[in-house]
Amino acid sequence: MQNLSIGKIRALQRCTSARGTFTCLALDHRQNLRRALNPENVDLVTDQDLSDFKLEVTSLLAEKATAVLLDPQYSAAQAISKSVVPRNTGLVVAVESTGYGGEPTARQSQILPGWSIKKAKHMGADMIKLLVYYHPDSPTAGEIEDFVKKVAAECVQEDLGLMLEPLSYTLDLQNKALDSAEKRYVVVETARRLVVPGVDVLKAEFPLDPTVDQDEATWAEACAEISAASPAPWILLSAAVDYELFLRQVIVACQAGASGIAVGRAVWKESVQMKGEQRKNFLQYTALQRLIRLTALCTALAKPWQDFYSMPSIDSQWYSQYGE
């Protein structure tokens, strides 16, 4: 098992259940949420509209999650200032710019200009989340690998938890998405290559196209391959699939070694097109019950993060070398 620093231990403790499993409520969406709020005219969606939606969802759901994932532009500081992040819920803050640079088959990622790992640490984040677009056979694969190593090293220096979210993409411009077989290869190989020292949690895509590969035994084999490839705990992202499908994926993934989930739209996406009391009622009842059920499943079935990391030996002089 890997050794873990005291700050990273605290980060993982803050962001997980008492058993050491993750249910991270994801609300770091930016441009795609803006489009969802008004598909006919995105320009009418203000920054305040984004913040209001994120804070409403956080205030009504975050108490039943182990952590909440927010973005630095529209929700993280706003949620703290409005006291909608529960005291016993971990705070994960995104650091990347939304979207990607470069060519569609050679994508690049960057830290949001004006933002930094150090700033996230200072504002009270327990962990940061870094999203990168990655294909192991892309011309920019080495560049992304170096970028992840650089961010991981900075998180080690700041003693701040790092959740890595790699998103796959196709190198074939004739297709909009990877086929199921290639997605399995890309997701597993990504876990093998990008989970470097300093990456504490991998936020992974489901490693197949479930509309093509519908056999849950095949799902389990593919999820087990992620578990074998990643030296850090991994959690399953919902990727906007419907709740019932995600529920099935979660059970399979956790039984195959996942340590929990990061869930956003599978819980709350219907509320985007609602207003006022209708939205509030949906979040208070339907979305909340979904999250409660998912949290219970993860607590019961997921692999605790403590199975991956050993605790440091602490003596009375530990503080004298800490941070050096």
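The values are calculated or read from the model by the stated rules, or taken from the named source; none is laboratory data. Since the model is a prediction, treat every value here as computed from it, not as a measurement. Every residue, glycine as well, gets a Cβ built from its backbone with ideal geometry; the counts of neighbours run over all protein chains shown.
Report every pair of residues separated by at least 6 positions or lying on different chains whose Cβ atoms are under 6 Å apart, first residue within the stretch 265-294 and of a type in the set (A, V, I, L, M, F, W, C), second exposed (fewer than 15 other Cβ atoms within 10 Å of the Cβ). Within 6 Å, the pairs are F282/M274. Applying the set (1) over 19 Å from the mean Cα position of the chain (by Cα); (2) in contact (Cβ under 8 Å) with a residue 24 or more places away in the chain to D315 leaves exactly one unmet item: (2).
Scanning the stretch 297-324 for residues that are at pLDDT 90 or above and exposed (fewer than 13 other Cβ atoms within 10 Å of the Cβ) yields a total of 2. Apart from one condition, R19 fits all of (1) at pLDDT 95 or above; (2) in contact with a strand residue (DSSP E or B) (Cβ under 9 Å, 6 or more places away or on another chain); (3) closer than 17 Å to F308 by Cβ; the exception is (2).
Would you check if there is a residue in the stretch 157-168 being in a helix (DSSP H, G or I) and either without any contact (Cβ under 8 Å) to a residue 12 or more places away in the chain or closer than 21 Å to G264 by Cβ (or both)? Yes, the stretch 157-168 has at least one match. Return the residues of the stretch 97-115 that are part of a loop (DSSP other than H, G, I, E, B), in contact with a helix residue (DSSP H, G or I) (Cβ under 9 Å, 6 or more places away or on another chain) and surrounded by 17 or more Cβ atoms within 10 Å (Cβ to Cβ); say none if nothing qualifies. Listed by number, the list holds a single entry, S109. Can you say whether V148 is touching a helix residue (DSSP H, G or I) at 6+ places or on another chain (Cβ under 8 Å) and in a helix (DSSP H, G or I), as far as the supplied structure shows? When the stated conditions are applied, V148 passes them.
Results for (1) surrounded by fewer than 18 Cβ atoms within 10 Å (Cβ to Cβ); (2) at pLDDT 95 or above; (3) part of a helix (DSSP H, G or I), shown as yes or no for each residue.
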| position | (1), (2), (3) |
| --- | --- |
| L178 | no, no, no |
| T190 | no, yes, yes |
| G198 | no, yes, no |
| L202 | no, yes, no |
| W219 | no, yes, yes |
| C223 | no, yes, yes |
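Name the residue, out of A62, A125, A79, A120, that is of a type in the set (G, A, S), assigned to a loop (DSSP other than H, G, I, E, B) and within 24 Å of K8 (Cα to Cα). Of the residues listed, the single one that is of a type in the set (G, A, S), assigned to a loop (DSSP other than H, G, I, E, B) and within 24 Å of K8 (Cα to Cα) is A125.
Taking helices (runs of 4 or more DSSP H) as the structural unit, those lying wholly within the stretch 251-324 and holding at least 1 residues that are of a type in the set (S, T, N, Q) correspond to 276-282, 288-301, 318-321. Looking only at the stretch 21-64, residues that are over 18 Å from S271 (Cα atoms) and buried (at least 22 other Cβ atoms within 10 Å of the Cβ) come to 4 in all. Per the conditions (1) touching a helix residue (DSSP H, G or I) at 6+ places or on another chain (Cβ under 9 Å); (2) buried (at least 18 other Cβ atoms within 10 Å of the Cβ), the sole criterion not satisfied by A262 is (1).
Out of everything in the stretch 227-239 that is within 13 Å of the chain's Cα centre (by Cα) and assigned to a loop (DSSP other than H, G, I, E, B), what residue ends up being farthest from Y309 (Cα to Cα)?
If we filter the stretch 227-239 for residues that are within 13 Å of the chain's Cα centre (by Cα), which is where we start, we get 233-239.
From what is left, the residues that are assigned to a loop (DSSP other than H, G, I, E, B) are 233, 238-239.
Numbers: P233: 9, S238: 25, A239: 28 Å.
Within the stretch 227-239, the match that is farthest from Y309 (Cα to Cα) is A239.
Rundown of residues vs (1) without any contact (Cβ under 8 Å) to a residue 40 or more places away in the chain; (2) aromatic (F, W, Y); (3) within 28 Å of V148 (Cα to Cα); (4) touching an Asp or Glu at 6+ places or on another chain (Cβ under 6 Å), yes/no style:
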| residue | (1), (2), (3), (4) |
| --- | --- |
| L33 | no, no, yes, no |
| S51 | yes, no, no, no |
| P72 | no, no, yes, no |
| V84 | yes, no, no, no |
| T105 | no, no, yes, no |
| I117 | no, no, yes, yes |
